[in-house]
1. Classify the range 484-630 from the C-alpha gyration tensor, please: rounded if a/c falls under 1.5, else prolate or oblate depending on whether a/b exceeds b/c.
2. Is there a quick way to get the dipole size of the range 43-113? I mean about its Cα centre, with the Cβ of Lys and Arg at +1 and of Asp and Glu at -1; what is the value in debye to the nearest 20?
3. For Lys121, list the lysines whose Cα falls under 23 Å from its own Cα; do not include residues on the same chain fewer than 8 positions away.
4. Cut-off under 24 Å on the C-alpha distance; same-chain residues fewer than 8 positions from Lys626 excluded. Which lysines are left, in chain and number order?
5. Would you mind pulling out the separation of the Cα centroids of the range 525-597 and the range 302-322, in Å?
6. Go through Leu474, Tyr289, Phe390 and say which Cα lies farthest out towards the positive end of the charge dipole of the chain; charges sit on Cβ, +1 for Lys and Arg, -1 for Asp and Glu.
7. Is the shape of the range 300-340 rounded, prolate or oblate, going by the alpha carbon gyration tensor and its root eigenvalues a ≥ b ≥ c, with a/c under 1.5 for rounded and a/b larger than b/c for prolate?
8. Hey, which of these cross-link pairs are over 20 Å Cα-Cα: Lys527/Lys566; Lys320/Lys523; Lys511/Lys544?
Amino acid sequence: MSKLLTKILYFGLPVVLLAPLLLSKSFLYPFVTAKGYFIYIVVDFLLVLYILLVKFNSQLIPKSKIFYCFVGLTTLKFLLDIFGINFGNSFWGNYERMMGFYTWLHLLIFLVMLVTVYVKKEQYIWLLRVSLGVSLLVSIYGILQKLGFYFWLVIPGDELVYATLGNAAYLAGYLLLSLYLAVYLFLDTKDYRWRLFYTSAFILNLMVLFFTATRGALVGLFASIFLMLFYCILFFPVKKIRIILIATAVLVIIAISSIFLFKDSSFVKNNSTLVRFSDISLNSGTVKYRILLWQSGISAARDRWLLGYGENNLRVPLDKYYDVSMVEDWADSSHNQFIDELLAHGLVGLVTYISFLFFVFWKLFQYRKTDVRVTIIFSGLVFAYVINNFFLFENLVALLSFVLVLGYLIVLESAEIAAIQRPSIFGSSKKWYIFVLAVIVAIFSFYINSRSINVMTKMVNAGRIIKENADTALILYADANSSSLMGFENIAAKLYGDTVLVLQDPAGLSKKQIGSLLEIVTKVTEKALKNTADNSFFYLNLGKIYQQAVSVDQSYLEKSFPLLEKAKNISPNRVDVYFAISHGLYMKGDYIGAEQVLYDSLKLGARLSTVYRNLAEVQMRRGDPKIGLANLKEVEKNGGTLSYLELE
């Protein structure tokens, strides 16, 4: 029995690494949730077998400081989440990111199984090969996307390739780590067939990484190259090799500098990646936005600077400290993993996270005398990962790859110090309750995963049939809301979008059905607010929906004002809230009130051309064309354009 369970685990664990290939149009956020639930289901299934294996054969726990530090880091996250503003939200995460503690717990379990089943370097190398092979398939998908192919599940991309990950930045971070695995595996073997495979994977992954035009990943790549060259110069005693390495570093510097020096050349301008990379400056739009977002995140962290808000609760502080100059209205991350860690887990969590990374670097540095390849290549990998996370938040696929790499380092460390037999955490391996624990894990996994997947499929299907079969769609919406355990803000956002489309074109739905839909929207919002804390997103969107619903019931207009005022109190710098309040007063016939709200919004100094256009419309309607025309002129002065009708 023990041998059978070990064999199943041995061939089952690599299956988890297939997650980056998966997507499902039947799920909310199909590029993310399909991967997340695949990881949950496979890890849970393997965990049941692993628990049974412990019954027959207690596993060897590796004597690895990296292993214990990662366990400690994960445990601390859990404890700090308890002290956050909403533990349930922190534990489960949401559908959009799938990065709650529940995911961290599964990755920790995955790591434990990896390092106790694949205990030898030669065995673990196969896991790295599987991971590299999956990245190669993802890159092939990305190339087909870049070429505009459309068949089966190949979805044409836009200017930036995102392959099966749905986000160019996610793809870049994932492929970035795969590059270093390809280099390490190439140097670790002399078999030309494997070297051909590693070379092919490296070239295609680098090509698609370039297609993503993601500056954070490219900066991470170039920065890590310099670190690896520095290590090579430091560790190689041969003078000729040092000269070659220094020359290589100079060439890299010249190559990077030339992109900026010749950014106006046709060669650079005709390449979207080079254009984006050459545009790295404090004055570029994206960089300015990121800096504003970082500043908002740091300001928000002051309110709970020691222990933080808890994972997946960052929408609340970022909403409160929203900067009116930002181009993105709703942020659930600062787009900087270190600031996110400060927000989520306070100074305690940030210091611990940074300390863990420094410890990994130190352990890698210690390999310089025994295996310099490990020091150089994996230091480059970790450094690139850190730099990329400076411009992005932690995401599921990149974290999965990073945990895989940590597992390999743990196996290497354990090989130097013989693994020791630890007492089973269950006590005697013959205890009967191990079987009970396995059954509990299986039932819990089935219940949680099936219930959450069912919620997503109901929401997606309801949105597809709302116009053709409204009664069934309403039942699906209501069932999804009552069954939801997580992702309340995602469910609300999906329902808001569907409801707006219905109200814009209500053909096919009766007033009674629309009224029922509005009742469900209200209940979904109430549940979201109860489970995720106050956020202007919910109040503003529900208020705007109520304004659209006047065709069903005029009383909805009055109901919208308290919601919009609540949104204004939570996030006073959101000009959209002022627009919505002004629009409601305009609909009510209170043109003076609408005008005053718009004048108040001018103090924010944001989207001024839109403010003046709205002012002109209100002033024309209340019979003051002179002031209205003056405000139309202000539209052009503030970067707006006038339509032909407005010019007339």
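1. Numbers: a/c = 2.53, a/b = 1.51, b/c = 1.67.
It comes out oblate by the Cα gyration axes.
2. Details: 5 positive and 3 negative charges, 59 e Å.
In total the dipole reaches around 280 debye.
3. Once the sequence-local lysines are set aside, what remains near Lys121 is Lys3, Lys7, Lys63, Lys65, Lys190, Lys363, Lys369.
4. Partners within reach: Lys588, Lys603, Lys637.
5. 24 Å
6. Looking along the dipole axis, the top candidate is Phe390.
7. Details: a/c = 1.94, a/b = 1.61, b/c = 1.20.
Taking the square roots of the gyration eigenvalues as a ≥ b ≥ c, the range 300-340 is prolate.
8. Numbers: Lys527/Lys566 17 Å; Lys320/Lys523 24 Å; Lys511/Lys544 18 Å.
Exceeds cut-off: Lys320/Lys523.
Every read-out reported here was derived from the displayed coordinates using simple, explicitly stated rules and does not represent laboratory data. None of these values were measured; they are calculated from a predicted model. Cβ: placed from backbone, ideal geometry, glycine included. Neighbour counts: every protein chain shown.
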